[in-house]
Amino acid sequence: MISATATARSGRKAARSTGRAVDHGAWFLVLPALIPILVLSVGPLLYGISLAFTDAQAGRTEPTEWIGTLNFQDLLHDTLFWESFRIGLLWAVGVTVPQFLLALGLALLLDQRLRLRWLARALAIVPWAMPEVVVGIMWRLVYNPDAGILNETLRDLGLGGGHDWLTGLATALPAVIVVGIWAGMPQTTVALLAGLQNTPHELHEAAALDGAGAWRRFRTVTWPAIRPVALAVTALNFIWNFNAFALVYVLTSGGPGGRTRLPMLFAYEQAFRYGQFGYAAAMGCVMVALISVMLAFYLVGRLKGGEDA
């Protein structure tokens, strides 16, 4: 009896020591990936938050002082910032919704048994492989008022032409939204196509044998299967589009007259054009807080959806 108890205790001690060894080994393996995250992401984020409570400016010879929440108080009354926020929401919704609908249609098409389907799938991800700067330069050529492909096509069709799409007050934002939709469709298409391919074809065949049409099969079989993927990719696309910078900067730099000045562009101007680093950091903090709220709503919805399922 004594020997059995001693054996059990020694076994528990050995298990604990083995567990500690595994934990230490896991941390050792994770550390090379954790250090760049801390240095390149967490560190700058904490520094930016601390900078938002100071009067930091470019080219100052005097030391930076702590001013508390003064930057945030000024931000509440900054109509230009809230106008950029409104434009950012219009941009994010205007890009995300059509992007999802078009990508869903393209994914449904690429999921069919078509000839040269592999070629169509390869061509569908071409915009994804192009850097945003290259996409912006290419579409600036498309929108060129004198020799752009768009205006030349309109002239050939007898529909006028010569429109300055990126500098017109009424056309700048819609023109930029079209580019955002085109550039962001591939990753959405790939994600939805992966969800479609994970849907058992037997369910479609059974629904077809029951007399269900194409729309009913999509509503009762396809959509429930891809809904988690669709919700995830839509939420991430919205956040990504709201934080857009490079594409819009190359296309319009926020013009004309601020019609395409997204929040990130406005913060960039405050920091690197006017040298108001503290004020720009306060804008960044506000945007991080808003994005965190969006993520919280998304995660709560996902958890509720998982519980209901």
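The values are calculated or read from the model by the stated rules, or taken from the named source; none is laboratory data. As the structure is a computational prediction, the values presented were derived from the model and not from experiment. FYI the Cβ positions are ideal-geometry reconstructions off the backbone, even for glycines, and counts take in every protein chain you see. With ligands, DNA and RNA removed, areas are computed over all heavy atoms of the protein, side chains included. Shrake-Rupley method; radii C 1.70, N 1.55, O 1.52, S 1.80 Å.
Some values worked out for this structure:
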quantity: Among (1) in contact with a Cys (Cβ under 9 Å, 6 or more places away or on another chain); (2) part of a loop (DSSP other than H, G, I, E, B); (3) not hydrophobic (A, V, I, L, M, F, W, C) - the single one residue 68 does not satisfy; calculated: (1)
quantity: Qualifying residues in segment 149-171 (those that are without any contact (Cβ under 8 Å) to a residue 12 or more places away in the chain and within 19 Å of residue 250 (Cβ to Cβ)) - the one most open to solvent (accessible area, probe 1.4 Å); calculated: 149
quantity: Residue in segment 257-309 that is farthest from the chain's Cα centre (by Cα), counting only those that are modelled with pLDDT of 90 or more and polar (S, T, N, Q); calculated: 276
quantity: From the options 244, 235, residue that is of a type outside the set (D, E, K, R), open to solvent by less than 50 Å² (accessible area, probe 1.4 Å) and either at pLDDT below 85 or assigned to a loop (DSSP other than H, G, I, E, B) (or both); calculated: 244
quantity: For residue 220: the one exception among (1) assigned to a helix (DSSP H, G or I); (2) more than 25 Å from residue 105 (Cα to Cα); calculated: (2)
quantity: Tally of residues being open to solvent by 40 Å² or more (accessible area, probe 1.4 Å) and either at positive phi or under 19 Å from the mean Cα position of the chain (by Cα) (or both) across segment 217-232; calculated: 4
quantity: Close pairs from segment 106-117: first within 17 Å of residue 204 (Cβ to Cβ), partner assigned to a helix (DSSP H, G or I) and of a type outside the set (A, V, I, L, M, F, W, C), Cβ under 6 Å, at least 6 apart; calculated: 107/189; 110/121
quantity: Where a residue in segment 39-56 is within 17 Å of residue 74 (Cα to Cα) and in contact (Cβ under 8 Å) with a residue 24 or more places away in the chain and its partner, wherever it lies, is among the aliphatic types (A, V, I, L, M) and open to solvent by less than 90 Å² (accessible area, probe 1.4 Å), with Cβ under 6 Å and at least six apart; calculated: 51/281; 52/281; 52/282; 55/67
quantity: Scan of segment 54-104 for residues that are within 17 Å of residue 289 (Cβ to Cβ), crowded, with 17+ Cβ neighbours inside 10 Å and of a type in the set (Ser, Thr, Tyr), ordered by number; calculated: 84
